[in-house]
1. Distances over 17 Å make up what percent of all Cα-Cα pairs in the range 53-101?
2. Beyond a 24 Å Cα-Cα separation, which of these cross-linked pairs lie in this structure: Lys30/Lys83; Lys48/Lys159; Lys66/Lys88; Lys30/Lys125; Lys29/Lys83?
3. What percentages make up the Cα-Cα pair-distance distribution of the range 21-88 when the bins are 10 Å wide from 0?
4. Any idea how far apart Ile130 and Lys86 come out in nm if each label point goes 7 Å out from Cα toward Cβ?
5. Using a 1.4 angstrom probe on the protein heavy atoms only, could you order Lys66, Lys159, Lys148 from most to least accessible area?
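The values are calculated or read from the model by the stated rules, or taken from the named source; none is laboratory data. As the structure is a computational prediction, the values presented were derived from the model and not from experiment. Positions of Cβ are generated from backbone atoms using ideal geometry, with glycine treated the same way; all protein chains shown enter the neighbour counts. Ligands, DNA and RNA are stripped out before the accessible areas are found, and what is left, the full protein with its side chains, is counted by its heavy atoms. Shrake-Rupley method; radii C 1.70, N 1.55, O 1.52, S 1.80 Å.
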Amino acid sequence: MLSIVEILFILLFMTFTDELIEELVNCPKKVVDAPKDSGVGRGSRKIKFLLESVDGQHSFSGFISKNLTFQENYSIGLVYNPKEEKGKIVLVRVNGPHGQNEYAPHHDGPHVHLSTAERINAGLKPEGVIVTDVPYSTIEDAIQHYLKRINIIPADRQKHFPMQNNQIDI
């Protein structure tokens with residue numbers, strides 16, 4: 001676990017470590033602005049929400065995006081919003097299968113994109129590590145995997161992201 005001094009140094013100089021990234025992903029989070037439909041853009045319906053670490057030290061946003069044409073094409077993400085710096089950093093994206101794009105080859109199955117300190121510090125697209133051995137195949141299961149992976153407190157998971165039969169509609 002990083003000390004307060006180490007965290008302050010990292011934030012002041014915006015040098016990330018893989019340990020800090022894991023700490024940001026794993027710290028307990030609460031929903032501070034409930035999920036809201038932000039409309040359709042680029043062929044997908046998107047829901048956005050705001051999160052904060054339970055200790056109040058870190059601010060995040062989250063999103064759930066689902067393609068309107070290809071229902072299995074979805075992306076669910078955690079974005080870190082440093083309080084003292086401009087900019088945002090995608091830490092995790094939980095995805096369904098999707099075609100090739102400018103950043104990634106074709107993915108024929110569900111997968112997770114993870115950020116690394118090396119990529120962030122080099123100014124590259126952060127979430128360059130791709131994990132294909134994932135425990136979900138549907139968007140409903142992917143949402144539940146995401147909520148647990150990023151450690152949203154149970155009360156907020158139940159309130160804002162009820163389980164499958166009562167799953168949020170996107």
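1. Counting pairs separated by more than 17 Å, the tail of P(r) holds 46 percent.
2. Going by Cα-Cα distance, Lys30/Lys125 fall outside the 24 Å limit.
3. Result, from short to long distances: 20, 44, 28, 8, 0 percent.
4. Going from the Ile130 label point to the Lys86 one covers 3.2 nm.
5. Numbers: Lys66 30, Lys159 150, Lys148 120 Å².
Output order, biggest surface exposure first: Lys159, Lys148, Lys66.
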